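So the structure is just underneath, and the comments pick up after that.
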Amino acid sequence: MQWCTTDIHLHTPASSDFQQPEVTYLEILRRAEARGLDIIAFTDHNTVAGYRKMKEEVHQLELLEKLKRILPEEQARLNEYRRLLEKILVLPGFEFTATFGFHILAIFPPDKPVREIEHLLLDLNIPPEQLDTGSATVGATSDVLTAYRTIDEAGGLVIAAHANSSNGVAMRGLPFGGQTKIAYTQDVHLHALEVTDLENKGKHATAAFFNGTKPEYPRRMHCIQGSDAHRLTADPARKKVLGLGDRATDMLLPETSFEALLELFQSNDFSRTRPHRQTAEPAFDFIRAAREEGSNIIQDFHESMTVRGGKRYAIVADICAFANTNGGTLYIGLPADPKKPVVGVPDIDQSILQLEKEIGNRLSPPLQCSLDIHDVGGKKVIRILVPRGDDLPYAVDDNKIYVRSEAETGLAVRDEIVGLVLRGPRHLAHVAAPAEASIASPIEIPPHPHLETTPTAVGQEPPRTGVEVVSVEERNEGRYYTMRDLRNGSVVKNVTRSSARQLWHYAITSHAKLPTDLSQAGVQWQGDLGLIRTQKQGKSIRYDLVQRTPSGFRFYFGVTDDGIHGGWKALVGQEED
């Protein structure tokens, strides 16, 4: 495995808006070499003409050489082409303009016939007379989801271009329903998102939004960056107009090939991409970033894996919970707090064998996890990549079914087990959008089976994380609670204080302590929304909230920042996005 520097979104003179039409394809390759690029892709607007013209030029020079009619300067150009094409992998592709102007990158292996790519463009409704124009405006074409599926089925790599920016499927202010945005960024045929803020940190970064912790966006997405260069070098008068390689991505690959790229984007290893930086700058440390983020629904930390104290069993339980939820990553020998020293794992090779044996023997049905070793502070730690399972539910020792809720792993109760079974063999079913729709009438994608929406109350939807105590029933001298998981809207009945997991137990206990007259609870009201309590837990903040509705009060406990939206932001003092 080695780090390869890539820029797989760049334009050539075949794009009508390329700003230096006099530039040759040989100059593009030379500039790529000067920027240290190992892989590039020609992604002109709705055409593969740029890649075709470069191949035709090389073929013409080779023909002259074969006929022994080549001139010295032509031989020099051919030799330079050969040298550069041996050094740099150049992939054919295009930047497709879907309906409503959304841009999608389609990238193919170098042996994909250009004619097949052109037929694909015709299938996507690019007018034949515009097949070589390289224009971003080509009239009514195909919708986003149809484009994803068509490109993927043709063997292409599908990437949402500058997803968070103009013409991106995740840009802010889109006049579409929420289910449409979910489908556009979670579709099974989409391999990655290209973003313009990959260097940014914090919860407002696009990559952080699509890291699998958001309830509406449970599929973690690979995020990369590309230059979207329309010229060789950056425009000195306009800083945002980048040149070739100015916004590149490093990718950890076993070889420099299209197949290696595809395997990376199909994997659940999100540490193998990083924003490219100059050698003088420190390389991106994904383990430090994970520790700074802390435990959450998709990652956790275990300082040791001893049998004593049930620590090894806790690791297997986490793996089961991740498989039943969104997948995730475990770090063994590493405390979550980055301020604490690294513990490390003794006898690392033997420990991996023990873990693999434990996972194979205790988890059913079989689940293929990936275990590898990383050096952190001079000590060896184990990383376990757990995929989101496709044969639910998974169980430990055949009968213990665990699920993940926020940063907690716990045994599933009856209704959760039923929900896992009903979700079927696949977590994300492909949902096709209508072929024709208008901006005035946004596409509404039916919700995925595991994304049932939480019922809305008058005025403001509930938070999107935490739990709601829906009702309490006195039965057989005991109290039975109905709880709603605010991440997915699923309702779990017959929960008792003794059977409740940590967050549920906290919610039940807090709900029981509330006075009948809420005016005595010190609630801070803003209209019909109320803040009962704010608690800081490590680096995260949790809120207990109440909402006044025509039929009474609704109570939400353990709500994290990820679940705060709309009017709740003003209530807790958060800034609007």
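The values are calculated or read from the model by the stated rules, or taken from the named source; none is laboratory data. Predicted model, so just to flag it, every value in this text is computed and none were measured. Please note: Cβ atoms are built from the backbone with ideal geometry, for glycine as well, and neighbour counts cover all protein chains shown.
Values as computed for the structure displayed
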item	result
Total residues in segment 14-27, condition touching a helix residue (DSSP H, G or I) at 6+ places or on another chain (Cβ under 8 Å) and either under 23 Å from Ala76 (Cα atoms) or surrounded by fewer than 16 Cβ atoms within 10 Å (Cβ to Cβ) (or both)	2
Evaluation of Leu85 against (1) closer than 30 Å to His103 by Cα; (2) buried (at least 16 other Cβ atoms within 10 Å of the Cβ) (one fails), failing number	(2)
Pairs where the first residue, in segment 335-355, is in the same structural domain as Asn296 (by TED's automatic domain parsing) and the second is assigned to a helix (DSSP H, G or I) and surrounded by fewer than 17 Cβ atoms within 10 Å (Cβ to Cβ), C-beta under 6 Å, 6+ apart	Pro338/Glu292
Test set (1) assigned to a helix (DSSP H, G or I); (2) in contact (Cβ under 8 Å) with a residue 60 or more places away in the chain; (3) under 26 Å from Leu122 (Cα atoms) - Glu57 fails condition number	(2)
Options Ala237, Ala207: the member that is outside any strand (DSSP E or B) and crowded, with 22+ Cβ neighbours inside 10 Å	Ala207
Any hit, segment 109-132, residues being assigned by TED's automatic domain parsing to the domain that holds Thr6 and under 22 Å from Lys181 (Cα atoms)	yes
Residue in segment 155-164 that is within 13 Å of Ala106 (Cα to Cα) and either surrounded by fewer than 21 Cβ atoms within 10 Å (Cβ to Cβ) or outside the structural domain of Asn125 (by TED's automatic domain parsing) (or both) present	yes
Candidates Arg383, Arg404, Arg388, filtered to the one that is under 27 Å from Gly294 (Cβ atoms), in a loop (DSSP other than H, G, I, E, B) and outside the structural domain of Asp269 (by TED's automatic domain parsing)	Arg388
Odd one out for Thr256, checked against (1) in the same structural domain as Arg388 (by TED's automatic domain parsing); (2) modelled with pLDDT of 95 or more	(1)
Residue count for segment 485-523, restricted to those that are in contact (Cβ under 8 Å) with a residue 24 or more places away in the chain and within 36 Å of the chain's Cα centre (by Cα)	21
Residues (over 25 Å from the mean Cα position of the chain (by Cα) and either part of a loop (DSSP other than H, G, I, E, B) or at positive phi (or both)) located in segment 336-365	Lys339, Lys340, Pro341, Val342, Val343, Gly344, Val345, Pro346, Asp347, Pro365
Residue check for Lys539: touching a Phe, Trp or Tyr at 6+ places or on another chain (Cβ under 9 Å) and at pLDDT below 90	no
In segment 28-41, residue surrounded by the fewest Cβ atoms within 10 Å (Cβ to Cβ) [restricted to those that are assigned to a loop (DSSP other than H, G, I, E, B) and touching an Asp or Glu at 6+ places or on another chain (Cβ under 9 Å)]	Arg35
Extreme residue, nearest to Thr6 (Cα to Cα), among residues of segment 181-194 that are in contact (Cβ under 8 Å) with a residue 40 or more places away in the chain and touching a helix residue (DSSP H, G or I) at 6+ places or on another chain (Cβ under 9 Å)	Ala192
Boolean, Ala412 is out of contact with any Asp or Glu (no Cβ under 6 Å at 6 or more places or on another chain) and modelled with pLDDT of 80 or more	yes
Residue in segment 270-286 that is touching a Gly at 6+ places or on another chain (Cβ under 9 Å), in contact (Cβ under 8 Å) with a residue 60 or more places away in the chain and closer than 30 Å to Ser405 by Cα present	no
Count of segment 298-325 residues which are touching a Pro at 6+ places or on another chain (Cβ under 7 Å) and surrounded by fewer than 23 Cβ atoms within 10 Å (Cβ to Cβ)	2
Pick from segment 192-204, criterion in a loop (DSSP other than H, G, I, E, B) and in contact with a Gly (Cβ under 9 Å, 6 or more places away or on another chain), ranking: farthest from Leu264 (Cα to Cα)	Thr196
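Each row is one residue, and each column tells you yes or no for (1) touching a His at 6+ places or on another chain (Cβ under 6 Å); (2) surrounded by 15 or more Cβ atoms within 10 Å (Cβ to Cβ); (3) under 21 Å from Leu261 (Cβ atoms); (4) in contact (Cβ under 8 Å) with a residue 12 or more places away in the chain.
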{"residue": "Glu62", "(1), (2), (3), (4)": "no, no, no, yes"}
{"residue": "Ile70", "(1), (2), (3), (4)": "no, yes, no, no"}
{"residue": "Leu89", "(1), (2), (3), (4)": "no, yes, yes, yes"}
{"residue": "Thr99", "(1), (2), (3), (4)": "no, yes, no, yes"}
{"residue": "His119", "(1), (2), (3), (4)": "no, no, no, no"}
{"residue": "Asn125", "(1), (2), (3), (4)": "no, yes, no, yes"}
{"residue": "Gly139", "(1), (2), (3), (4)": "no, no, no, yes"}
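Each row is one residue, and each column tells you yes or no for (1) out of contact with any Pro (no Cβ under 8 Å at 6 or more places or on another chain); (2) at pLDDT below 95; (3) not assigned by TED's automatic domain parsing to the domain that holds Asn494.
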site: Lys400; (1), (2), (3): yes, no, yes
site: Gly419; (1), (2), (3): yes, yes, yes
site: Ser438; (1), (2), (3): yes, yes, yes
site: Ala457; (1), (2), (3): yes, yes, no
